[in-house]
Amino acid sequence: MIEVRNLTKKYGDHYAIEDLNFTIEKGKIYGFLGPNGAGKSTTMNIITGCLAATAGEVTIDGHDIFEEPTEAKKLIGYLPELPPVYLDRTIREYLKFVAEAKGVAKADIKAQIEKAMEYTKITDYQDRLIKNLSKGYRQRVGIAQALIGDPELIILDEPTVGLDPQQIIEIRDLISSLRGEHTVILSSHILSEVQAICEIIMIISRGHMVAVDTPDNLEHLFEGMTTVELLMEGSQAVVEAALKDLENVSSLMAEEEEDGVTKVVLTSETDDERTLCRNIFTIARALDLPILQMKTDKASLEDIFIELTNSETDEDEEEASEVPELISSDPGKEEDTSESGL
Amino acid sequence: MKAVYKNELSTYFTTLTGYVFCAFLLFFAGLYTTIICLKNQFVEFEYVLGNMCFVFFIIVPVLTMRVLAEERRQKTDQLLYSLPISTTEVVLGKYLALLTVLLLPLAVICLYPLVLSLYGAINLTGCFLAILAFFFVGAAFLAIGMFVSSLTESQALAAGLCFVILLVNYFLTTITGYISSKAVVSFVGLLAVAAVIALIIYLMTRNYYISVVMLIVSAAAIFITYVNNQSAYSGLLPKILNKLALFDRYYTFMSGTFNLTDIVFYISVAAVFIFLSVQSLEKRRWS
């Protein structure tokens, strides 16, 4: 459906997105996930032809968005970050304009408008001026606008921002109901939202794609990993030396806090929390290092998201290379990631 | 293009803008017809239009200020970019809607000479040609206004800038009267114009290389022609500026001569500014 190759957008000297590559398959719901300013909107704007790219290409069903914009745009319904509505028109007038501009056949216009309004539950408000509608309803009008003309591809930039919880559920149901007939890409910085409705999650950070996979697979990335947080009495050097010999430890971070207490975060490639904790206890007892606190944790999708998007924010370039490493800590899964993603 | 045209036109007439515009134009047309044709018994209806040209200072900024600026402010330009219509179609649709709004009161004004002809010997052809000229001047100004509106997202700024441009154009012949006709003045003036154009190109494209090359090429061309043919440069700058005075051409129409070159000139001005508006919108996608 969509092929994105080496897509780059530069604002002055700053790269908004750099060398993005991905493929969107027909009939699936994709979630674009990333913190604010990661390049989600920029990518969507380029895919929909609202913005020109510095380099790279985007083809939609074989139509290059830069070479054949009209053909390509006919396949897309787009809701930008702010719903692009004309405030001094009524909903019906506005949707009629969009339908005409999209080249919907005259006979179908009425039916299309009715359908879109029904879908987004705005039929009762059709003769109100858009400026008199609340943010949530404007958002719905924006979504209705994207649905008009039954485009195969529907791209929604943060569709649930500014809605109340009830409306969020409704919009999610609406998006889920598009599954199969339409290909949907939506962006969000809220993980649970993407997790709930998307079949494939694309995590983007600082203009780079850091992970593309199904929600389940992403969670499996960290399966078999256990994180232990420890507070031990003892200097950093002593604690570090003591715990170094633990089996299967993939990362160990020790930091001395005040009063000779050291905080340790260690990750182990084991499922067996109990054995891990017992081993730590044995070592601590042998060396007489009192454990003040010990907490174990399984990695959740939330952690993965934070891990993937944060590790890049620390330092610039060198950190960027750390991210793939993070994924490759489980080599088998890494294959998986690239396969189902591309 | 049709969708944009229809949408734009209905915006003018669901808000007050369209009605106020028509009322304004018709009010002054009526006022001047009463004063000139009825009170002072002139048979030349053209004088009415000639005296009315100041209305452009008000109607053009008011009509054009929101046309593209507002799209940008409300972010509805994103919708236009994502719809399967080209930027040219958007701009043309909007421009045609502007022309339609201008045509409506002019259609009513066409009745004036018809009514007047019942009471005196009126040169109807002359009157209608004058109205036609009025339309073309208006068309050229509206294109300029639309371009100005494409440059900013503030309506007020667009209106102000448009007003200043019209004002400078109005006084252009007066200003050029003060420019010395010495060749060297024209030479320096043209160099200055070349520099300003290069600067504008730089501001629009942010491409240092292109603007410098442009400046060097145009400066070299000016310099070479100046060295080769100094006499051609005497009075050249005022001559060029006078050519650009849109209002002066308008007055020749109102004195009863219909000059096709001037109509072509107005159409060219409109075409150039429509083109620039399209470029200005396109450019925003690249920034």
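Details
- Modelled label positions at residue B:230 and residue A:250, each set 7 Å beyond Cα in the direction of Cβ, lie 8.4 nm from each other.
- Rg/Rh for region B:201-278 stands at 1.09; both radii use Cα atoms, and Rh follows the Kirkwood definition.
- Under Stokes-Einstein, with the Kirkwood radius over Cα pairs as Rh, the value for chain A at 10 °C and 1.306 mPa s is 70 µm²/s.
- Whole-angstrom gap from region B:204-266 to region A:147-206, using each part's C-alpha centre: 55
- Contact order for chain A, expressed relative to its length and based on alpha carbon pairs under 8 Å spaced 6+ residues apart, stands at 18 percent.
- Label-point separation, residue B:108 to residue A:173 (7 Å along Cα→Cβ), nm: 5.2
- Placing unit charges on the Cβ atoms of the charged side chains and taking the dipole of chain B about its Cα centre, the candidate lying farthest along the positive direction among B:132, B:204, B:180 is B:204.
- With 10 Å bins from 0: P(r) over chain B, alpha-carbon pairs, percent: 6, 24, 30, 23, 13, 4, 0
- Per-q log10 I(q)/I(0), region B:144-193, q = 0.24 Å⁻¹ (Debye; single scatterer per alpha-carbon; no solvent): -0.84
- Helical runs (DSSP H, four residues minimum) scored at -39500 (n - 2.57) apiece and divided by the length of chain B put the mean residue ellipticity at 222 nm at -26000 deg cm²/dmol.
- Computed [θ] at 222 nm, deg cm²/dmol, chain A (DSSP H ≥ 4; -39,500 (n - 2.57); rounded to nearest 500): -11500 deg cm²/dmol
- Rounded tilt (10° steps) of A:91-101 against the dominant C-alpha axis of chain A: 80
- At q = 0.05, 0.12 Å⁻¹, base-10 log of I(q)/I(0) for the protein assembly as shown (Debye sum, equal scatterers on each alpha carbon): -0.37, -1.21
- Residue with peak Gaussian network fluctuation, chain A [Cα springs, cutoff 10 Å], from A:197, A:283, A:171: A:283
- The GNM of chain A, with springs linking C-alpha atoms under 10 angstrom apart, assigns the highest mean-square fluctuation among A:240, A:199, A:181 to A:240.
- Most fluctuating residue given options B:189, B:18, B:50, as computed from a GNM of chain B linking Cα atoms under 10 Å: B:189
- Length gained on full extension, residue A:123 to residue A:288: 52.2 nm, using 0.36 nm per residue less the C-alpha separation.
- For region B:182-234, alpha-carbon Rg over 2.2 N^0.38 Å: 1.23
- Share of alpha-carbon pairs per 10 Å distance bin for region B:112-174, given as whole %: 19, 32, 23, 20, 7, 0
- Net charge of Cβ neighbours under 14 Å - reference residue B:238; Lys, Arg +1; Asp, Glu -1: +2
- Dipole magnitude for chain A: about 2460 debye, using +1 per Lys or Arg Cβ and -1 per Asp or Glu Cβ, origin at the Cα centre.
Values in this text are rule-based calculations from the coordinates and carry no lab data. Note that the structure is a prediction, hence the values are computed from the model and not measured. Please note: Cβ atoms are built from the backbone with ideal geometry, for glycine as well, and neighbour counts cover all protein chains shown.
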